[in-house]
1. Lysines near Lys78 by alpha-carbon distance under 30 Å, same-chain residues fewer than 8 away left out - which ones?
2. So what is the 222 nm mean residue ellipticity for the chain from helices alone, if each DSSP H run of at least 4 adds -39500 (n - 2.57) and you divide by all residues, rounding to the nearest 500 deg cm²/dmol?
3. Which residues' amide hydrogens lie under 5 Å from the amide hydrogen of Ser161, considering only partners 5 or more residues apart or on another chain, with H built in the peptide plane?
4. Could you tell me the extents of the range 321-399's C-alpha atoms along the three principal axes, largest first, rounded to whole Å?
5. Per-residue HN-Hα couplings for the range 136-147, Karplus 6.51 cos²θ - 1.76 cosθ + 1.60 at θ = phi - 60°, whole Hz, x for Gly and Pro?
6. Cα-Cα pairs above 26 Å in the range 174-304: how many percent?
7. For the range 128-198, what percent of Cα pairs sit more than 13 Å apart?
8. Which three extents, in whole angstrom, do the alpha-carbon atoms of the range 411-482 cover along their principal axes, largest first?
Amino acid sequence: MAHFLTYLLLSFLIIYDSLGLSQSNQFCDAGVGYPESTCGFSSSSSSKLLIKGGTVLNAHQQEVADVYVEDGIIVAVKPNIKVDEDVTLLDATGKYVMPGGIDPHTHLAMEFMGTETIDDFFSGQAAALAGGTTMHIDFVIPVNGSLVAGFEAYKKKAKKSCMNYGFHMAITKWDESVSREMEIMVKEKGINSFKFFMAYKGSLMISDELLLQGLERCKSLGALAMVHAENGDAVSEGQKRMIDLGITGPEGHALSRPPVLEGEATARAIRLAKFVNTPLYVVHVMSIDAMEEIARARKSGQKVIGEPVVSGLVLNDSGLWDPDFVTAAKYVMSPPIRESGHDKALQAALSTGVLQLVGTDHCTFNSTQKAFGIDDFRKIPNGVNGIEERMHLVWDTMVESGQISVTDFVRITSTECARIFNIYPRKGAILVGSDADIIIFNPNSSFEISASMHHSRTDTNVYDGRKGKGKVEVTIVGGRVGWQDDELKVVPGSGKYIEMPPFSYLFNGIDKADAKYLSSLQAPVKRYFTAS
Ligand code: URP
Ligand code: ZN
Ligand code: ZN
């Protein structure tokens with residue numbers, strides 16, 4: 001009954017929102033329309049900030065220093081900075097001051113599996129800021145195969161943004177125009193990465209032939225190729241197998257797409273990228289099988305980046321067997337959350353550098369949307385939350401457990417993402433000249449996650465009830481306080497699109513390796529032909 005009422009309320013809110021009547025006012029005290037004076041980034045808030053006495057964390061070092069910010073840029077990092085009275089002071093004594101998180105993998109307002117993700121570019125970003133993330137990179141889905149049309153559609157969706165965002169672009173078909181539009185995306189639109197789905201047969205899935213063409217094109221443009229690595233043909237077979245066995249519930253989702261199918265596709269993508277000699281980024285690494293393929297490739301010197309997501313690091317598949325459909329369905333994502341053991345192995349791989357950075361794959365659907373698959377797990381929209389929870393859960397799981405240092409935390413949640421997508425040190429660092437995207441983190445406080453208190457629009461949370469050490473107390477985005485005293489202070493439309501240039505450090509040496517390969521070819525052989 002409680003869930004039914006929640007469905008009713010949410011359906012009402014969705015209609016209300018789609019009519020443009022609301023922007024979910026859980027974020028501030030203001031009424032409809034977010035008047036600036038009452039709902040953040042107010043015109044009176046200072047563009048000069050001094051963060052005093054904290055321990056400044058960068059990926060490369062930690063130091064006790066003040067951080068002075070003017071007009072959205074860090075202008076000084078040193079002890080005992082003296083300022084005038086018009087500067088807003090933030091006391092960070094006993095706390096960490098570090099770069100805001102950058103989430104490399106989100107899906108806001110994405111049309112997918114017959115519906116649209118419930119978090120848009122405002123609610124998703126508001127949730128992010130509450131959790132200490134100041135930038136995310138979302139995946140543009142082409143419109144009827146057109147990248148330009150897809151980009152325009154996402155630009156519109158992102159108008160209500162309140163923090164930094166960038167775009168990856170999915171490639172879902174191949175022809176001359178897609179190839180041409182990839183160049184436009186890279187040279188004119190600030191996109192430097194393209195994602196190829198090796199699963200979702202019949203919708204987003206591409207063939208090996210397309211993947212090869214895409215890898216070649218990415219290489220020529222200096223863009224990073226990304227893969228969703230699962231064998232989509234085998235997944236489709238696995239799904240039929242489950243339905244034939246009468247397994248129609250959420251557990252069928254995990255059973256139909258076992259780790260071996262993720263391992264196979266990861267290995268295939270890695271080998272094709274090696275054949276082309278271009279860097280590869282494997283998104284949402286969920287299993288030991290996939291992780292070990294990445295480890296092997298990296299050991300051999302291949303440029304492969306592995307991105308685990310929070311759900312894979314801290315959850316196991318037990319929830320999918322929950323007798324309550326709403327509970328079980330909330331855990332459905334692809335590749336699936338694996339059985340216990342994969343989580344710990346992924347943590348170890350992250351701590352030893354086999355995997356490099358942590359995303360969320362934040363892709364939220366509410367219980368009403370998840371219920372599309374009440375009789376058939378194949379119809380449950382795939383995706384879980386995480387954009388708000390990532391920083392806290394990674395801190396608690398990785399730092400508090402002693403698996404990584406505090407500076408490593410900065411690297412895997414922010415700096416490495418900025419480097420891979422070629423926006424470092426503008427982002428991912430507390431350095432003079434960097435953008436002032438900063439968080440103040442109290443390691444002696446604590447966090448608690450609950451579906452009723454989170455800032456996402458969804459009515460469930462896969463981390464519901466989790467508690468741990470550490471708390472993001474202040475989030476500063478573009479030099480303005482966006483989260484403080486457990487309150488959001490942001491307005492839609494204040495966000496910023498971050499263009500990302502091609503040819504990141506991952507492309508260093510690619511041309512030399514190609515030249516070496518070409519000069520090593522003892523071919524073509526000068527032959528003679530002796531007629532008999
Ligand atoms: O289940 C997931 N991962 N949903 C989002 C789409 C994707 O595959 O990244
Ligand atoms: Zn994916
Ligand atoms: Zn995703």
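1. List returned: Lys48, Lys52, Lys95, Lys427, Lys469, Lys471, Lys489, Lys496.
2. Rounded to the nearest 500, it is -9000 deg cm²/dmol.
3. So Ser161 has HN proximity to Gly493, Gly495.
4. Each principal axis gives a Cα extent; for the range 321-399 these are 42, 24, 18 Å.
5. 9, 10, 9, 9, 6, 9, x, 9, 6, x, 8, 6
6. On the way: 2342 of 8515 pairs.
For the range 174-304, the share of Cα pairs beyond 26 Å comes to 28 percent.
7. Counting pairs separated by more than 13 Å, the tail of P(r) holds 65 percent.
8. Reported extents, whole Å, longest axis first: 39, 26, 22.
All of the numbers you see were taken from the coordinates with simple rules; none came from a lab. None of the values given here were measured: they were computed from a predicted structure. Don't worry about glycine lacking a Cβ; one is built from the backbone with ideal geometry, like all the others, and counts go over all protein chains shown.
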